[in-house]
Each structure stands twice: as structure tokens, then as C-alpha cells.
Amino acid sequence: MGEAVIKAEPSALRVDLARTALIVIDMQRDFLEPGGFGAALGNDVSLLRSAIEPCRRVIAAARAGKLLVLHTREGHRPDMSDAPPAKVERAEPQLRIGARGPMGRILIRGEQGHDIIPELAPSGDEPVIDKPGKGAFYQTDLEAMLRNRGIVNLLVCGVTTEVCVHTTIREANDRGFRCIAVADACASYFPAFHKVALDMVKAQGGIFGWVAGSEDVCAAIAPS
Ligand code: TIU
């Protein structure tokens, strides 16, 4: 495994690959396909598809380099006992979390829409973290899983850039992890938010972390 230098902004970053993990945030049908949570919120879900191929390549490179790969899914228990009313109430009743849509109940664990898109299906031994919030550390065992494996660097891909990706990067940064947002492997329903969210990560000398392109990340982590 050894060390690698990732070309990134605001500066190149040297990482110990044995202590580096890839986390793929919420690449679920509910956000990327019509009829799910993203569409229920009024978004054009096709805007997220640009992240799929870069995610696929980064996942493949991480697997080839034997990095830990984790996936997250946003969603709630079928009885919705973990869904804050303040989150559920923010939509018309027929489009709310728990309402029935073409991919099953919106944002509910076990339903079709909650699944990760088939293009990026986790492999058998990759942890999948089910999270009730936007951040992947909130009410999950992610931090324990990373610390137990000695992980200190996180490559972060997924959707949406300014919501679950950004919240997770902020949570990880405060916990002492170095985060590298993989720019083209993230996407937003609002292209302007995608750009400014990445700008916010790398501003002020990397106030939340680093930003790199998927090609540079793949070149650094895949075995040569
Ligand atoms: N609405 C939106 O942009 N995102 C979410 O609700 N969740 C995630 O980002 N995963």
C-alpha cells in the first residue's frame, strides 16, 4: 500500500493509503432516479447522474488498491420512529418521507428507492452505513468503524455536494479526519451550490479539507 501524493487544492496531500478510506455518500435510487425523495423535493434528478461514472472509477481504483470502501444511505425505519417530525413535515403529505411512491415508501429502509443505484452496488464485504440524518457520523457507528481500522484520511464522493457530502465532511473535519472531496464524483441538484460547496471546503487554506479530481485520485490510489 504505502504512501501516495494526491494532487489537490489548496495543496497536494501526502497520505498513508493503509489509513485512507473511500466513503460514497447516498448514491441511492431515492436521490438519482425519478419518483424518489429527490424528485419529491422538486428537483431534476438527472443533474446527479454526472457523478456516477467518476464514482464508479474511484470505487474501482480503491478496490484495486485495497482501500477500505464504505457506502452510506440516508433513510428511516419503516415505523419512522427515527424520523424527526420537523424533517417529515416539510413536504406535501403525498410526497413526504414514508409516503408511497413508484419505488416504494420514500426514504424508508428496505424499500427499492432506498437502495444504492445498481451501477455502484457495494461489494459483499464493504460496510453500508444507514443514517437518519444528512451527516454520516450522526447517530451511526461510522466513527468507531474508522477509528478501529486506524483510518485518518477520507476520500468523499456522492450526493448531494452541499447537503450530505458537505455535512459529512464538516463532521469528519471536526473529528480530526483529513477529507478530500472528489469534485466530479459529487453532484448537486443546484450546479452553483456544487461549485460553491467545493470552494468552501478548500478556501482559507483548506478550512474543511481538500478538493481533487477523480482522475488524480485514481492515479494516486490505484496500484501502479
Ligand atoms: N436534498 C438534497 O440535496 N439532499 C438530501 O436530502 N440528502 C443528501 O444529500 N443525501
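The numbers here are math on the coordinates, done by the rules we state, and not lab data. Nothing here was measured: the structure is a model prediction, and the numbers come from that model. Here the Cβ positions follow ideal geometry from the backbone for every residue, glycine too, while neighbour counts run over all protein chains shown.
Quick one: is residue 192 more than 15 Å from residue 21 (Cα to Cα), surrounded by fewer than 19 Cβ atoms within 10 Å (Cβ to Cβ), out of contact with any strand residue (DSSP E or B) (no Cβ under 7 Å at 6 or more places or on another chain) and free of Cβ contacts under 8 Å to residues at least 60 places away in the same chain? So residue 192 fits the description; yes.
Scanning region 104-114 for residues being crowded, with 19+ Cβ neighbours inside 10 Å and under 25 Å from residue 59 (Cβ atoms) gives a total of 4.
Of all residues being of a type in the set (Gly, Ala, Ser) and touching a Pro at 6+ places or on another chain (Cβ under 8 Å) in region 70-97, which is surrounded by the most Cβ atoms within 10 Å (Cβ to Cβ)? Just the residue, please. The selected residue is 75. I'm checking my understanding of the structure. Among residues of region 165-182 that are within 12 Å of residue 72 (Cβ to Cβ) and surrounded by fewer than 23 Cβ atoms within 10 Å (Cβ to Cβ), which one is farthest from the ligand (Cβ to nearest atom)? This residue is 171. Scanning region 40-69 for residues that are within 15 Å of the ligand (Cβ to nearest atom), outside any helix (DSSP H, G or I) and buried (at least 17 other Cβ atoms within 10 Å of the Cβ) turns up just one, 43. Restrict the check to region 128-144 and report whether at least one residue is within 18 Å of residue 55 (Cα to Cα) and among the charged types (D, E, K, R). No: region 128-144 contains no residue that is within 18 Å of residue 55 (Cα to Cα) and among the charged types (D, E, K, R).
What is the residue count in region 135-149 for residues that are within 12 Å of the ligand (Cβ to nearest atom) and either more than 20 Å from residue 120 (Cα to Cα) or touching a Lys or Arg at 6+ places or on another chain (Cβ under 8 Å) (or both)?
1
Note on region 85-98: residues that are touching a residue at least 24 places away in the same chain (Cβ under 8 Å) and either assigned to a helix (DSSP H, G or I) or among the polar types (S, T, N, Q) (or both) amount to 1. When residue 101 is tested against (1) buried (at least 16 other Cβ atoms within 10 Å of the Cβ); (2) under 27 Å from residue 170 (Cβ atoms); (3) in contact (Cβ under 8 Å) with a residue 60 or more places away in the chain, exactly one condition is not met: (2).
Screening residue 109 against (1) touching an Asp or Glu at 6+ places or on another chain (Cβ under 7 Å); (2) away from the ligand (no atom under 15 Å from the Cβ) leaves a single unmet condition, (2). Against the criterion of being in contact (Cβ under 8 Å) with a residue 60 or more places away in the chain, of a type in the set (Asp, Glu) and over 20 Å from residue 166 (Cα atoms), residue 82 does not qualify. Checking region 150-160 against the condition returns a match, with at least one residue being within 13 Å of the ligand (Cβ to nearest atom), among the hydroxyl-bearing types (Ser, Thr, Tyr) and closer than 21 Å to residue 43 by Cβ.
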